[in-house]
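A.B. asks: Got a structure here, written out as structure tokens. Questions coming.
The values are calculated or read from the model by the stated rules, or taken from the named source; none is laboratory data. All values reported here derive from a predicted model rather than from experimental measurement. Glycine also receives a Cβ, built like all others from the backbone with ideal geometry; neighbour counts cover every protein chain displayed. Ligands, DNA and RNA are excluded from the accessible area calculation, which covers all protein heavy atoms including side chains. Shrake-Rupley method; radii C 1.70, N 1.55, O 1.52, S 1.80 Å.
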Amino acid sequence: MSHLNAVSTLMVAGSFLIVTLIGFASARWRPAEDLLQLNEWGLGGRGFGTFVSWFLLGGDIYTAYTFIAVPALVYATGAAGFYALSYTIMVFPIVFIFAPRLWSVARAHGYVTPGEFVRGRKGSQGLGLAVAATGILATMPYIALQLVGIESVLTVMGIGSTSGNVFVRDLPLIIAFAVVAGYTYMAGLRAPALIAFVKDILIYVTVIVAILYIPSRIGGWGHIFGAASAHLKTVNPATHKPYGSIVVLPAGEWAYATLALGSALALFVYPHASTGVFAAKRRDVIRRNAAMLPAYTLVLGLIALFGYMARAVPAVNAGVKADGNNPQLSVPLLFAHMFPSWFAGIGYSAIVVGALVPAAIMSIAAANLFTRTIYKELLKPDATPAQETRVARVASLVMKIGALGFALELNKTFSINLQLLGGIWILQTFPAIVISLYTRWFHRSALIFGWAVGMAYGTVQAYRTSGGGQAHFGASAAPVFGHITYIGISALILNVAVAAVLTVIFNRVGVTDGYDQTRPADYRADPVPVPAAANATTRVPFNRRRPGPSAGRAGAPAGGSASSPPWERADSAVADSAADRAADAPAAPAAPAPAAAPGTVPGPRSPAAPSGHHRAKHAR
Amino acid sequence: MAQRARPGKSPAVWGTVTVLLVVAILGTLLVPIYARTLPELGNFPFFYWFQLIWVPTTAVLCWICYLLLKTKPAPDAGLRNGGDVRR
């Protein structure tokens, strides 16, 4: 592997070039009336139908790291690694339940990130900030791990790794990321949405061929499971225990179940997942996709089995051992030893492109969070949509550079530890985001305390857990009352318990709770999409109370806020009637109209949000 | 409110949806159900083929729920609208 394989390298370089062209061209795909809207750059104009959403969400959930790390885990520990399959099975019923409500309320209020929703629902800047900060913090190492995925492919291909010079060694990675950063900056969410098509073709082809071809070459499934079982039974000299088991043992069942459930709940609150959800055109798109996305889960299950296939190939075992026992190399090595070099090149491309798509979506999601919850909330409340977009673009670059720094400067173990922590952390925003979709019973301050306790407990607990040869951050599950439990879940339970107790106390004492901008109907809103032709000029999310097709635009001069979609415009428009103002009188005193909307006419407002709760939002 | 969404899905529909989704989630959440080797299917231990089969099962359950909750698109929206939006 230390020598460069020209054919494979050419294949990977070729697909990278194609993807790059698509990435830059995507800026012209479904041209936006005004790309300077954050909605456009950050959510692809909120116009993705079932088909595109399927690719986008698939690109979101099934990252390159999944394709490297899951089989690596299966390779090393056996059945325990299959929790990822269980997790991606149960994630879709969960998405089916929660996501449509989040989508509706976001559409009704023009929210681009979950942070804004929490800010609006709980009337708490602090809680919104906590959610946004957690999201950004958890996303950064996740992006870095995509690089780790690319790195393992490059190592097996023999690119860069032979050079002693740090810069030369990392140059391919730096170039790849610079290019991704470039088209993400240009095209926003449209770029990963289009590239996801290429990614999926590569992945499906690779997986189908591998699953049909490799077993027949190495003696069939019976031999594969046999070899894996034999290895897993051997005693690990370091721990004096078997390496793993072919079926989860009773002692590991609880960990398996909580890891799967915790990961499924966490996925939904990761910023990149909600970005994919918010970009959907219609409410139904999400439910339909919940039924169609399991196609990827099947692929993931098959990819997990690659771990066992790799175990059955002696040359792979030797290669893994040669690189300091790094199981992350098992899948690329399997391709290298089983496929002719041109098809191995396709397999590598699948992993590399599979890393670029989620990396782009994640950096956009984090950039949206920063822009809406930190920049606009704290630094520049009167930012115009154009300024928002500019900030978001720069923020996406910063996220990428940060992730690159993570991947290059810190050792790999550190990134993986951080990713483990990220999962635990992001789960602590679950009460603020998901429970808030259903009830506002929890007091805003209680939620903040619950979040803080969950974060602290999760971090300390993860730090104290040893395993895999590490004294700290060795595993994501730790014993609680005698059961090995995913730390994220135990922290979440603690989080909710603290929030519940404090809610009772705060209400008893009479601590003021936040003002809720949302109305029950917002959570079921299902705006009617406008036919494609009309879509090019006006995106009309709701059809009620709308005086005419273009009344809102008629008097509006060209420019940032005037061409914003109506539901966005309602945010900044001086459109609230006196009746609306009265509606929110007690908790949200009518604020002076924001200065940001000089050219906006008192045009159509979002009918799904009939009362003046937009006003409260602009009291910030 | 202009709630186009689900103008009166009956509690029975919601009950069915809830049951189907809970079944879908519990299928792999209850690990003891499938943490066993036998019966094998084409050399696959039960643990593996059960989970792999549960993938399309979940998809079908979600699809049924989707159909149950599906709302009628354009026509009634046009009526509600009083035709004041170009459609």
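A.B. asks: If A:GLY188 satisfies all but one of (1) on the phi > 0 side of the Ramachandran plot; (2) modelled with pLDDT under 80, what's the number of the condition it fails?
C.D. replies: (2)
A.B. asks: Select the helices (runs of 4 or more DSSP H) contained entirely in segment A:265-311, then report the ones holding at least 2 residues which are surrounded by fewer than 24 Cβ atoms within 10 Å (Cβ to Cβ), hydrophobic (A, V, I, L, M, F, W, C) and facing another protein chain (nearest Cβ under 8 Å).
C.D. replies: Fully inside segment A:265-311 and qualifying: A:283-292, A:294-311.
A.B. asks: Would you mind finding the one in A:VAL394, A:VAL434 that is at pLDDT 80 or above and over 30 Å from A:VAL91 (Cα atoms)?
C.D. replies: A:VAL394
A.B. asks: Let me ask something else. Please tell me if A:LEU259 is surrounded by 24 or more Cβ atoms within 10 Å (Cβ to Cβ) and either among the aromatic types (Phe, Trp, Tyr) or more than 24 Å from the chain's Cα centre (by Cα) (or both).
C.D. replies: Considered against the rule, which asks whether it is surrounded by 24 or more Cβ atoms within 10 Å (Cβ to Cβ) and either among the aromatic types (Phe, Trp, Tyr) or more than 24 Å from the chain's Cα centre (by Cα) (or both), A:LEU259 comes out as no.
A.B. asks: Which of the residues that make up segment A:421-445 are of a type in the set (A, V, I, L, M) and crowded, with 24+ Cβ neighbours inside 10 Å?
C.D. replies: Matches in segment A:421-445: A:ILE424, A:ILE426, A:LEU427, A:ALA432.
A.B. asks: Now a separate question. Restricting to segment A:201-221, give me the number of residues that are open to solvent by 60 Å² or more (accessible area, probe 1.4 Å), among the hydroxyl-bearing types (Ser, Thr, Tyr) and touching a residue at least 60 places away in the same chain (Cβ under 8 Å).
C.D. replies: The number of residues fulfilling the criteria is 1.
A.B. asks: Another one. Restricting the search to segment B:34-52, which residues are more than 8 Å from chain A (Cβ to nearest Cβ) and open to solvent by 70 Å² or more (accessible area, probe 1.4 Å)?
C.D. replies: Listed by number, the residues that qualify are B:LEU38, B:PRO39, B:GLU40, B:LEU41.
A.B. asks: Quick one: which helices (runs of 4 or more DSSP H) lie wholly within segment A:48-144 and hold at least 1 residues that are buried (at least 24 other Cβ atoms within 10 Å of the Cβ), touching a strand residue (DSSP E or B) at 6+ places or on another chain (Cβ under 9 Å) and not small (Gly, Ala, Ser)?
C.D. replies: A:50-61, A:83-109
To keep it simple, each residue is scored yes or no on (1) surrounded by 13 or more Cβ atoms within 10 Å (Cβ to Cβ); (2) outside the structural domain of A:PRO431 (by TED's automatic domain parsing); (3) at pLDDT below 80.
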{"site": "A:THR465", "(1), (2), (3)": "yes, no, yes"}
{"site": "A:GLY474", "(1), (2), (3)": "yes, no, yes"}
{"site": "A:ALA521", "(1), (2), (3)": "yes, yes, yes"}
{"site": "A:ALA533", "(1), (2), (3)": "no, yes, yes"}
{"site": "A:ALA554", "(1), (2), (3)": "no, yes, yes"}
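A.B. asks: Another question, then. Every residue in segment A:225-264 that is of a type in the set (Ser, Thr, Tyr), over 13 Å from A:ILE61 (Cα atoms) and either in contact with a helix residue (DSSP H, G or I) (Cβ under 6 Å, 6 or more places away or on another chain) or at the interface with chain B (Cβ under 10 Å from one of its Cβ atoms) (or both), please.
C.D. replies: Selection gives A:SER229, A:TYR243, A:SER245, A:TYR256, A:THR258.
A.B. asks: Follow-up. Determine which member of the set A:ARG30, A:ARG46 is outside the structural domain of A:ALA386 (by TED's automatic domain parsing) and more than 16 Å from the chain's Cα centre (by Cα).
C.D. replies: None of the others qualify; the one that does is A:ARG30.
A.B. asks: Give me a count of the residues in segment A:182-200 that are open to solvent by 10 Å² or more (accessible area, probe 1.4 Å) and aliphatic (A, V, I, L, M).
C.D. replies: So the count comes out to 3.
A.B. asks: For segment B:53-87, name all the residues that are at pLDDT below 50 and either more than 8 Å from chain A (Cβ to nearest Cβ) or not in a loop (DSSP other than H, G, I, E, B) (or both).
C.D. replies: Selection gives B:ALA74, B:PRO75, B:ASP76, B:ALA77, B:GLY78, B:LEU79, B:ARG80, B:ASN81, B:GLY82, B:GLY83.
A.B. asks: Also, quick follow-up: Could you list, in sequence order, all residues of segment B:7-33 that are more than 7 Å from chain A (Cβ to nearest Cβ), over 21 Å from the mean Cα position of the chain (by Cα) and either free of Cβ contacts under 8 Å to residues at least 12 places away in the same chain or surrounded by 20 or more Cβ atoms within 10 Å (Cβ to Cβ) (or both)?
C.D. replies: none
A.B. asks: When A:ALA318 is evaluated against the numbered criteria (1) open to solvent by less than 30 Å² (accessible area, probe 1.4 Å); (2) at pLDDT below 85, which criterion, by number, is the only one it fails?
C.D. replies: Result: A:ALA318 passes all but (1).
A.B. asks: Which of the following residues is assigned by TED's automatic domain parsing to the domain that holds A:PRO71 and modelled with pLDDT of 85 or more: A:ILE211, A:ILE224, A:ILE175, A:ILE218?
C.D. replies: Every option except A:ILE211 fails the conditions.
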